[in-house]
Amino acid sequence: MAAAKMSVAELEKFLREEFPQAFSDGDITIESADGETCLLRRRYDERMLRPGGTVSGPTLMAMADFAMYVVLLSAIGPVGLAVTTNLNINFLRKGLPGQDVLAAARLLKLGKRLAVGEVNLLSGSSPDPIAHVTATYSIPNT
């Protein structure tokens, strides 16, 4: 396993300072990050729901994208300008109201300029993913 370039505490500090619009209200917590994987939790809030009482697609896409950003930063360090170049999501089942959403991200390939990873989104304590995401990030020259 590759050593993480940023600890959870360092990631949280960096994100609060550099990306407060996504990480300042306490809705999302980083439960773990080790340079190859991370686990994020978004606390349930009824603003996450779409009509019909299911967790909305935009909520899930944002959570997956943020999880990829966190796992990438844990691997490469504080490179704020790393950006998403592709994100593909498959919605597998309904995310239930009242349940936190967890994002388990994993880097599949880390190169000099591109990183590819996957994210499984989970609802509460169920082991069955509600969505599966693959994403590619562009890493700027540092």
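Look at the stretch 35-50 and say how many of its residues are among the aliphatic types (A, V, I, L, M) and closer than 30 Å to LYS109 by Cβ. Let's see the steps before the verdict.
Step one: list which residues in the stretch 35-50 are among the aliphatic types (A, V, I, L, M), which gives 39-40, 48-49.
Now restrict to residues that are closer than 30 Å to LYS109 by Cβ: 39-40.
Residues meeting the conditions: 2.
Considering the stretch 110-130 alone, what residues qualify as being in a strand (DSSP E or B) and either touching a Gly at 6+ places or on another chain (Cβ under 8 Å) or modelled with pLDDT under 95 (or both)?
Quick first cut of the stretch 110-130, residues in a strand (DSSP E or B) only: 110, 114-123, 129-130.
Answer for the stretch 110-130, where residues must be in a strand (DSSP E or B) and either touching a Gly at 6+ places or on another chain (Cβ under 8 Å) or modelled with pLDDT under 95 (or both): LEU121, SER123, ILE130.
Return yes or no: is SER125 of a type in the set (Ser, Thr, Tyr) and in contact with a strand residue (DSSP E or B) (Cβ under 6 Å, 6 or more places away or on another chain)? If you could, list the steps in order and put the result at the bottom.
Details: of a type in the set (Ser, Thr, Tyr): yes; in contact with a strand residue (DSSP E or B) (Cβ under 6 Å, 6 or more places away or on another chain): no.
Considered against the rule, which asks whether it is of a type in the set (Ser, Thr, Tyr) and in contact with a strand residue (DSSP E or B) (Cβ under 6 Å, 6 or more places away or on another chain), SER125 comes out as no.
Would you confirm, using the coordinates I've provided, whether GLU31 is farther than 18 Å from GLN99 by Cβ and modelled with pLDDT of 95 or more? Write out each step before concluding.
Values: farther than 18 Å from GLN99 by Cβ: no; modelled with pLDDT of 95 or more: yes.
In short, no.
So which residues in the stretch 9-37 are part of a loop (DSSP other than H, G, I, E, B) and on the phi < 0 side of the Ramachandran plot, if there are any at all? Talk me through it step by step, then tell me what you get.
So the first thing to find is which residues in the stretch 9-37 are part of a loop (DSSP other than H, G, I, E, B), and the list is 19-27, 34-36.
Those that are part of a loop (DSSP other than H, G, I, E, B) and on the phi < 0 side of the Ramachandran plot: PHE19, PRO20, GLN21, ALA22, PHE23, SER24, ASP25, ASP27, ASP34, GLU36.
Is it true that SER138 is among the small types (Gly, Ala, Ser), buried (at least 23 other Cβ atoms within 10 Å of the Cβ) and in contact with a strand residue (DSSP E or B) (Cβ under 8 Å, 6 or more places away or on another chain)?
On the way: among the small types (Gly, Ala, Ser): yes; buried (at least 23 other Cβ atoms within 10 Å of the Cβ): no; in contact with a strand residue (DSSP E or B) (Cβ under 8 Å, 6 or more places away or on another chain): yes.
In short, no.
All but one of (1) assigned to a strand (DSSP E or B); (2) farther than 20 Å from SER7 by Cα hold for LEU40, so report the exception by its number.
(2)
Restricting the search to the stretch 11-24, which residues are touching a residue at least 40 places away in the same chain (Cβ under 8 Å) and among the acidic types (Asp, Glu)?
GLU18 - this is the single residue of the stretch 11-24 that is touching a residue at least 40 places away in the same chain (Cβ under 8 Å) and among the acidic types (Asp, Glu).
Taking the stretch 14-48 as the search range and keeping residues that are more than 19 Å from GLY95 (Cβ to Cβ) and among the polar types (S, T, N, Q), which one is surrounded by the most Cβ atoms within 10 Å (Cβ to Cβ)? Reasoning before the result, please.
First, pick out the residues of the stretch 14-48 that are more than 19 Å from GLY95 (Cβ to Cβ): 14-26, 30, 32-38.
Adding the requirement that they be among the polar types (S, T, N, Q) leaves 21, 24, 32, 37.
Working: GLN21: 6, SER24: 12, SER32: 12, THR37: 18.
Of everything passing the filter in the stretch 14-48, THR37 is surrounded by the most Cβ atoms within 10 Å (Cβ to Cβ).
Starting from residues that are closer than 15 Å to PRO140 by Cα and among the small types (Gly, Ala, Ser), keep the ones in the stretch 76-122 and report whichever is farthest from the chain's Cα centre (by Cα). Please lay out each step first, then the result.
Filtering the stretch 76-122 down to residues closer than 15 Å to PRO140 by Cα leaves 76-85, 110-116.
Of the ones still in play, those that are also among the small types (Gly, Ala, Ser) are 77, 80, 82, 111, 115.
Details: GLY77: 16, GLY80: 15, ALA82: 14, GLY111: 19, ALA115: 14 Å.
So the residue we want is GLY111.
In the stretch 19-27, is there at least one residue being at pLDDT 95 or above and over 14 Å from LEU122 (Cα atoms)? Even if it seems obvious, please write down each step before you answer.
Taking the stretch 19-27 first, the residues at pLDDT 95 or above are none.
Checked against the condition, which is being at pLDDT 95 or above and over 14 Å from LEU122 (Cα atoms), the stretch 19-27 yields no hits at all.
Pull out all pairs, ordered by first then second residue, where Cβ-Cβ is under 9 Å, the residues are six or more apart or on different chains, the first lies in the stretch 25-38 and is free of Cβ contacts under 8 Å to residues at least 60 places away in the same chain, and the second is in a strand (DSSP E or B) and among the small types (Gly, Ala, Ser).
ILE28/ALA103; ALA33/ALA105
For the stretch 49-108, give me each residue that is part of a loop (DSSP other than H, G, I, E, B), surrounded by 13 or more Cβ atoms within 10 Å (Cβ to Cβ) and in contact (Cβ under 8 Å) with a residue 24 or more places away in the chain.
GLY77, PRO78, VAL79, GLY80, ALA82, LEU92, GLY95, LEU96, PRO97, GLN99, ASP100
The values are calculated or read from the model by the stated rules, or taken from the named source; none is laboratory data. Predicted model, so just to flag it, every value in this text is computed and none were measured. Here Cβ is always computed from backbone atoms with ideal geometry, including for glycine, and neighbour counts include all displayed protein chains.
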